[in-house]
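For reference, the structure discussed in these notes is given below.
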Amino acid sequence: MKKWFAVIGDPIEHSKSPTMHTAWFEEMAIDAAYIPLHVSADNLATAVTALKTLGASGWNVTIPHKTAIIPFLDELDELAEKMGAVNTVVRTAMGTLKGYNTDGVGFVRSLEEAVGTAHKDKPILLIGAGGAARGIAFAMQQQGYMNITIANRTVANAQAIVDEMGVGCAISLTEAEERLADFAVLVQMTSAGLATGSFAMPFSLERLTKGAIVADIVYNPLMTPFLQAAKAQGATIVTGLGMFVHQGAIAFEHWLGRYPNTNSMIVQLQAQLGGQE
Ligand code: ATR
């Protein structure tokens with residue numbers, strides 16, 4: 001029987017996941033479909049029941065359901081449990097639902113694909129301490145990045161993540177700006193990438209070292225104000241597009257046991273999103 005998958009969220013129109021997974025099914029000659037489903041917070045319980053009844057093999061979960069979906073699942077992967085957030089649901093052979101979070105590992109793969117692994121022991125600055133930042137901090141720790149500092153407007157939120165990780169340190173945005181030359185890799189994970197105006201930058205990058213690597217997790221726009229400023233300082237930049245494609249590829253692998261072609265997808269989506277890095 002034809003398999004089918006979905007992404008549930010509110011809003012959902014902007015999601016590139018249906019285009020990406022459908023292209024992979026075609027490329028790999030897999031008889032399956034992937035559809036966007038607009039599910040409001042009030043309808044989450046009925047939507048999960050419907051997805052089960054109608055035989056979805058799995059689905060992605062996006063804002064605002066990543067945490068709210070957890071009570072409806074039978075089992076959680078270790079990283080999803082630590083993050084308290086799920087972006088991928090797999091219906092197992094037994095018919096039970098298992099939740100994964102592929103965002104953080106997707107980010108690490110994208111970073112390593114872009115710049116290799118030579119920076120694993122170097123000082124890393126994560127900027128932001130929201131849901132996305134939490135996922136990336138835990139995934140980086142799990143993948144062997146040990147020298148992590150988290151900077152955030154509300155230092156207590158960064159400290160909470162550091163306490164849970166058991167390593168690293170939490171600092172303010174001002175301190176991060178002052179100590180910028182200490183860090184080899186910066187990852188921008190606040191809502192600033194999406195913003196315009198005064199909050200478009202969490203802080204100035206004037207003190208950035210030449211040769212630093214600067215990543216943003218936002219992929220639309222591809223060149224966030226933070227990345228533009230980093231590029232102007234001579235940094236190597238990593239857009240959020242690779243993270244998006246790899247989180248989808250890891251979900252795909254959980255569902256179908258094969259890893260799709262991420263390189264050609266990054267090129268295709270880059271063209272759709274307006275060009276070069
Ligand atoms: P997400 O799930 O995308 O990570 P979130 O959980 O709402 O979103 O987190 C947003 C992040 O952006 C937080 O680090 C937040 O800082 P606080 O913990 O201090 O709230 C940061 N952020 C949002 N607006 C900001 C602003 N105007 N200035 C600085 N940081 C901001």
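Once Lys and Arg get +1 and Asp and Glu get -1 on their Cβ, which of ALA160, VAL238, PHE72 lies farthest toward the positive end of the dipole of the chain? Value: VAL238.
In degrees from 0 to 90, rounded to the nearest 10, what is the angle of the helix 131-142 Cα long axis to the longest principal axis of the chain? Roughly 80 degrees, rounded to the nearest 10. Legend: distances between Cα atoms for LYS66/LYS98; LYS3/LYS52; LYS122/LYS210; LYS16/LYS82; pairs beyond 18 Å are LYS16/LYS82. Using only alpha carbons, the chain has a radius of gyration to Kirkwood radius ratio (Rg to Rh) of 0.97.
Taken one residue at a time, the phi angles of the range 206-211 give Karplus couplings (6.51, -1.76, 1.60, θ = phi - 60°) of 4, 8, 4, 6, 5, x Hz. Gly and Pro are set to x.
Can you tell me what the convex hull of the Cα atoms of the range 151-262 projects to on average, as an area in nm²? For the Cα atoms of the range 151-262, the hull's average projected area reads 8.4 nm². Amide H contacts of ALA212 (H built 1.01 Å from N, in plane; Pro and chain starts excluded): THR236 sit under 5 Å, all sequence-distant by 5 or more or on other chains.
Helix 262-272 and the long axis of the chain differ in direction by around 80°, with both axes built from C-alpha atoms.
Averaging over all projection directions, the Cα-based convex hull of the range 64-155 occupies 7.0 nm² in the image plane.
Taking 37 °C and 0.692 mPa s as conditions, the range 110-197 diffuses translationally at an estimated 251 µm²/s according to Stokes-Einstein applied to its Kirkwood radius (Cα pairs). Each residue of the range 99-108 is assigned a 3J(HN,Hα), and the resulting list reads x, 10, 10, 9, 5, x, 5, x, 5, 4 Hz, derived from the Karplus form 6.51 cos²θ - 1.76 cosθ + 1.60 (θ = phi - 60°), x at Gly and Pro. Under Stokes-Einstein, with the Kirkwood radius over Cα pairs as Rh, the value for the range 1-102 at 37 °C and 0.692 mPa s is 239 µm²/s.
Each residue of the range 148-159 was assigned a 3J(HN,Hα) from its phi angle through the Karplus expression (A = 6.51, B = -1.76, C = 1.60, θ = phi - 60°), giving 10, 10, 10, 9, 8, 3, 9, 4, 4, 5, 5, 4 Hz with x at Gly and Pro. Amide H to amide H, with H built 1.01 Å from N, LEU76 comes under 5 Å of GLY99, counting only residues 5 or more places away or on other chains.
Any read-out appearing in this document is the output of simple, stated calculations on the displayed coordinates, not a laboratory observation. These figures come from a predicted structure and were not determined experimentally. Cβ coordinates were reconstructed from backbone atoms using ideal geometry, including for glycine residues, and neighbour counts include every protein chain displayed.
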